[in-house]
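Trainee: I have a structure here, written as structure tokens, and I will follow up with some questions on it.
The values are calculated or read from the model by the stated rules, or taken from the named source; none is laboratory data. Note that this is a predicted model, so its numbers are computed, not measured. Here the Cβ positions follow ideal geometry from the backbone for every residue, glycine too, while neighbour counts run over all protein chains shown. The protein model used for the area step is the full one, side chains on, heavy atoms only, and it has no ligands, DNA or RNA in it. Shrake-Rupley method; radii C 1.70, N 1.55, O 1.52, S 1.80 Å.
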Amino acid sequence: MKHCNSKRLIALAALLLMAVMLPMAAFAEGGDAAQPAVYATFWSLVPPIVAIALALITKEVYSSLFVGILIGGLLYAGGNPEGTVLHVFSDGIVSVLSDSYNVGILIFLVILGSIVAMMNKAGGSAAFGRWASSKIKTPAGAQLATIALGVLIFIDDYFNCLTVGSVMRPVTDKQNVSRAKLAYLIDATAAPVCIIAPISSWAAAVAGFVEGEDGFSLFIRAIPYNYYALLTIVMMVGMVLMHEEYGPMALHEANARKGDLFTTGNHPYEAMDEEAAAAGDNGHVMDLVIPIFSLIICCVIGMIYTGGFFEGTDFVTAFSQSDASVGLALGGFFGLVITVVLYLIRRVMKFRDLMACLPEGFKAMVPAILILTFAWSLKAMTDSLGAKEYVAALVKASAGTFVSLLPAIIFLVGCFLAFATGTSWGTFGILIPIVVDAFSATDPQLMIIAISACMAGAVCGDHCSPISDTTIMASAGAQCEHVNHVSTQLPYAITAAAVSCVSYIVAGYVRNVVISLIVAIVLMLATLSVIKMTAAKSRKS
């Protein structure tokens, strides 16, 4: 343990030394206040790379993100202390907290935390856990039920993460499924499901990035080529049915079978679990089901309302132009009102106790809010350093060569960019217009495959990245230590990404949707079989 800690300290010291030296090296030839000398160069990706490396090494996410933000400020300001502080706070933290979209997401987080606190105190979570445990008898059943619910809630990834976690956490806890595994199942049924669902906020975002084409039609045609999303679902179900785990997840699951759901002991949401455990037996299943279903219905109505559905716009178009932030905030508010009224009518809680849950819900979501704020600020740093322009130039430079390999190359570029910046939608916005511009007139079939590779790569990178808002919300939904979630799901995501990359190479040469999809699924199943055999051999030895 001491040797491991010393390695971490050495790595931390090396990264911090590099952080100090970067501005000196980058600005050795002078800088420009309006546009930094490192603009649209590899240096623009250094802040998120350092932040991610520090988080994985130190297992401490707050300071790691802040160091990344600070490096971004140093690079932008050319090492000037005053300029660094102003950029970090004025253009970073304060700016992202002033953004209306971000504020809407934070409001939804706080509202959902308050609803969960109310359900815990009313005994609804405990009652649902008791009911579900009478129907679901095995850990595999609990995991499959989690996957099924995640697939059904395909409207928005934020809503998916938090709702599935609230509903399934009592069930998976009862069946001794680790919080890390629950977080992985939530995360893997959030963005990967939304990106292949025609009626979702993600479909709307992708369609909006396709200029000069029928974006919605292209999205539908790209679904069978979205290998990472499809293979992630295949992998989840396969791993559950095979009763097999590998990497750090194997340790978490082994400990969970013994009663330790957390392994590392870090439990940032302990107060909410204590409330649920302390709740009496007066609660009923309807005390969880009605608030959750009310929340779902209200959020759907809220999203289509922002898209103009009640002004005559059709349902699909309303979704395509909806504002998820405002819609979720509106839906969350009315879901909260319905929950309060329900509990008052049923007399399971007093009004004073219900109001006391509001600050409790806020406190419970503070870890997620803090990480989200830092992650958004880090993205603001990379944007100011021209990360998007740098990656766009790289993709354009390779568009004319290795044509059949281009889908695989775009997939890898999308993975790296989304991993470094923590955003899928930003990655779509960079890569999809380039692909459409390059292939719409010359090779429409390859354009479809390449667009799908953009989406798959963006979702893969977003899925892996510790600074992704979806990853952060999956940790919050499962009430799992964030670094535990990242480190345990990374081997699974990399496995699906590797198979997806090979599948895109096949698709680039074959250009047949059915054959390529069959090959991709067979490759995934073969990979899972090899993993199972390897794990069995290691246990015997």
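Trainee: What full-extension length gain, to one decimal in nm, is calculated for LEU86 and LYS540 as 0.36 nm per residue of separation minus the Cα-Cα distance?
Mentor: Separation in residues times 0.36 nm, less the Cα-Cα distance, equals 157.6 nm.
Trainee: Largest first, how would ARG346, ARG539, ARG221 line up by accessible area (1.4 Å probe)?
Mentor: ARG539, ARG221, ARG346
Trainee: Scaled to the compact-protein estimate 2.2 N^0.38 Å, what is the alpha-carbon radius of gyration of region 497-541, rounded to two decimal places?
Mentor: Taking N as the residue count of region 497-541, the ratio is 1.45.
Trainee: Taking a probe of 1.4 angstrom, what is the accessible area of TRP425 in Å², to the nearest 10?
Mentor: Surface accessible to solvent at TRP425 totals approximately 80 Å².
Trainee: Starting from the eigenvalues of the Cα gyration tensor, five times each then square-rooted, give me the equivalent ellipsoid semi-axes of region 283-386, largest first, whole Å.
Mentor: 30, 24, 9
Trainee: May I pose another question? Given R₀ = 60 Å, FRET efficiency for ILE521-PHE333 by Cβ-Cβ distance, to 0.05? Mind showing how you got there, number by number?
Mentor: Working: r = 42 Å, r/R0 = 0.71.
Efficiency for this residue pair is about 0.90.
Trainee: Hey, another quick one. Heavy atoms only, probe 1.4 angstrom, no DNA, RNA or ligands counted: give me VAL85, VAL435, VAL403 ranked by accessible area, highest first.
Mentor: VAL85, VAL403, VAL435
Trainee: Set the Förster radius R0 to 60 Å, insert the Cβ-Cβ distance between ILE345 and VAL237 as r into 1/(1 + (r/R0)^6), and round the FRET efficiency to 0.05.
Mentor: The formula returns an efficiency of 0.90 here.
Trainee: Hey, which of these cross-link pairs are over 18 Å Cα-Cα: LYS258/LYS532; LYS137/LYS540; LYS137/LYS174?
Mentor: Distance filter (> 18 Å) returns LYS258/LYS532; LYS137/LYS540.
Trainee: Could you tell me whether region 392-541 comes out rounded, prolate or oblate from its Cα gyration tensor? Rule is a ≥ b ≥ c as square roots of the eigenvalues, rounded for a/c under 1.5, then prolate if a/b exceeds b/c, otherwise oblate.
Mentor: Taking the square roots of the gyration eigenvalues as a ≥ b ≥ c, region 392-541 is oblate.
Trainee: Could you report the accessible area of GLU245 in Å², rounded to 10, computed with a 1.4 Å probe on the protein chains as they sit in the structure?
Mentor: So the heavy atoms of GLU245 present about 30 Å² to solvent.
Trainee: Would you check the accessible area of SER134, probe 1.4 Å, heavy atoms only, in square angstrom rounded to 10?
Mentor: 60
Trainee: Taking 0.36 nm per residue of separation and subtracting the Cα-Cα distance, what length does fully extending THR317 through VAL514 add?
Mentor: Separation in residues times 0.36 nm, less the Cα-Cα distance, equals 68.0 nm.
Trainee: I'd like the per residue volume of the convex hull spanned by the Cα atoms of region 61-187, given in cubic angstrom.
Mentor: 131
Trainee: How long are the three semi-axes of the equivalent ellipsoid for region 328-428, computed from the Cα gyration tensor as the root of 5 times each eigenvalue, in whole Å, largest first?
Mentor: They are 47, 16, 10 Å, listed largest first.
Trainee: Let me ask another. Provide ARG511, ARG257 ordered by accessible surface of protein heavy atoms (probe 1.4 Å), highest first.
Mentor: ARG257, ARG511
Trainee: At 0.36 nm per residue, minus the direct Cα-Cα distance, what do ALA37 and GLU60 gain on full extension? Give it in nm, one decimal, please.
Mentor: Difference between extended and current length: 5.2 nm.
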